[in-house]
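The values are calculated or read from the model by the stated rules, or taken from the named source; none is laboratory data. All values derive from a computational prediction rather than experimental measurement. Counting neighbours? That spans all protein chains shown, and the Cβs are built from the backbone with ideal geometry, glycine included. We work out accessible area using only protein heavy atoms, side chains counted, and drop any ligands, DNA or RNA first. Shrake-Rupley method; radii C 1.70, N 1.55, O 1.52, S 1.80 Å.
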Amino acid sequence: MEIVIVGSGGREYSIGLALQSECRVDGIYFYPGNGATSKLGKNIDFKNQKEFVDFALIQRIGLVIIGPEAPLVEGLADTLRENGILTFGPSAKAARLEGSKAYMKEFAKRYDIPTAGFIQTQDYEEACAFIDTLNTPIVVKADGLCAGKGVIIAQSYNEAKQAAKKMLEGKSFGDSGKTIVIEEFLDGFELSVFAMCDGKDFIVLPAAQDHKRLLDNDKGPNTGGMGAYAPSPLASEAIIREVKQSIIIPTLDGMAKDGNPFSGTLFCGIMVVKDKPYLLEFNVRFGDPECEVLMPLFKEGLLDCFLACANGDLKSVQYCLSDEVCVGVVVASKDYPYKSSKKEKIKFNAQSNGNAHISFAGVSKEGEDLLATGGRVLVCVGKGGNVQEAVKNAYKCVESVKFEGMQYRKDIAYQVLGR
């Protein structure tokens, strides 16, 4: 079969790289892809959804995998399914779990899913009154999609109120902030838990940890993610069992009960407080850069998992995961995340080996050259028998990459190094 991967980032490159070796895949299209995905398949682009659907029908595409959240929230999966095209990704109604933080929190409350205490409001006075009942720090979230940047962790009451005011006035995140969620701050450690779902059944992938802050020691502004590793030894069997029982199962049951069965990747952002997992947020797709460290852990059966989720028969799927560890280090452009950086030619001093590879994200191609064009340019992924070995291989890969202004964290996986 031929498949299409929708998106242009490191997540989509990683999925394509992992599926490239599948004997049943005759060809991979990336819509629209980036400057490096053309090495794995063919980049395509269209003016609108109709043109893309027509292409998929004429080409008899066997599977479409939708990577980013925006097309899912906008209903691309619905349109494809209505035209008989097998699709991995939730419907627009199911994608509200990420598309609206207010919807997600109310859903969690309705189905007794453990989450931080909160209110959702469009009223500034109500927001201030609730803020005054909380201890600092205080979490203020814009309701809609903000490319991972719509969450403020305020260190004071005044900062929280100012953040709420700017959001409600549309100054911070436009229409996405016209409704806000204010919630108590949970103090613990975070996990990213991914479940591939078919509407009723699911499989849980190894738990990952993301590194959101720009600088070492978790300093600096929040980003889309500066690195990740999986599996995390902090995710005990008991914690994962509790995530399944108290978060994933009630979510799939609740979505089905509401008439919006969830099919695709359910990304559970978890905060573990005194060994109890709480839901911070849902995403409805693979995280980035978590996807880059999860895909290489599939030894076999990845395509079968995608197909089974899309077909609704995950119960019978067979797959095999490696017992190794993957660590991904994001290499970003000079001015990330503050503003766009000018294009820079990327030089590679050494070839990747079997213990490391590069997943490309914000890159374009000019002739034979790859240029750094996006904020997060690429992810160097190292694999090893333990975290220390994987970290070593990842940073050795980083050393092989050179471009003007490149920046990266030096402490990815610090949570478990030395344990």
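Reported count of residues in segment 187-226, each being more than 19 Å from the chain's Cα centre (by Cα) and under 28 Å from Ile65 (Cα atoms), is 3. Of everything listed in (1) open to solvent by less than 10 Å² (accessible area, probe 1.4 Å); (2) under 15 Å from Val204 (Cβ atoms); (3) touching a Gly at 6+ places or on another chain (Cβ under 9 Å); (4) not aromatic (Phe, Trp, Tyr), the single unmet condition for Leu297 is (3).
Restricting Val327, Val363 to residues that are farther than 17 Å from Asn34 by Cβ and open to solvent by less than 50 Å² (accessible area, probe 1.4 Å) narrows the list to Val327. So, Glu184, is that one over 30 Å from Gly259 (Cα atoms), under 21 Å from the mean Cα position of the chain (by Cα) and touching a residue at least 60 places away in the same chain (Cβ under 8 Å) or not? Judged against the criteria, Glu184 is not a match.
Restricted to segment 116-142, and to residues there that are part of a loop (DSSP other than H, G, I, E, B) and out of contact with any Ser or Thr (no Cβ under 7 Å at 6 or more places or on another chain), the residue that is least open to solvent (accessible area, probe 1.4 Å) is Ala116.
Applying the selection to segment 154-171, what residues are open to solvent by less than 50 Å² (accessible area, probe 1.4 Å) and more than 18 Å from Ile119 (Cβ to Cβ)? Break it down into steps so the answer makes sense when it comes.
In the first step, residues of segment 154-171 are kept if they are open to solvent by less than 50 Å² (accessible area, probe 1.4 Å); the result is 154, 156, 160-161, 163-164, 167-168, 170.
Matches in segment 154-171: Ser156, Gly170.
The number of residues in segment 206-257 being over 25 Å from Tyr408 (Cβ atoms), open to solvent by 30 Å² or more (accessible area, probe 1.4 Å), of a type outside the set (A, V, I, L, M, F, W, C) and in contact (Cβ under 8 Å) with a residue 40 or more places away in the chain comes to 2.
For (1) over 21 Å from Ile113 (Cα atoms); (2) under 13 Å from the mean Cα position of the chain (by Cα), each residue gets a yes or a no:
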site	(1), (2)
Ala235	no, no
Lys257	no, no
Asn260	no, no
Val272	no, no
Val284	no, yes
Phe298	yes, no
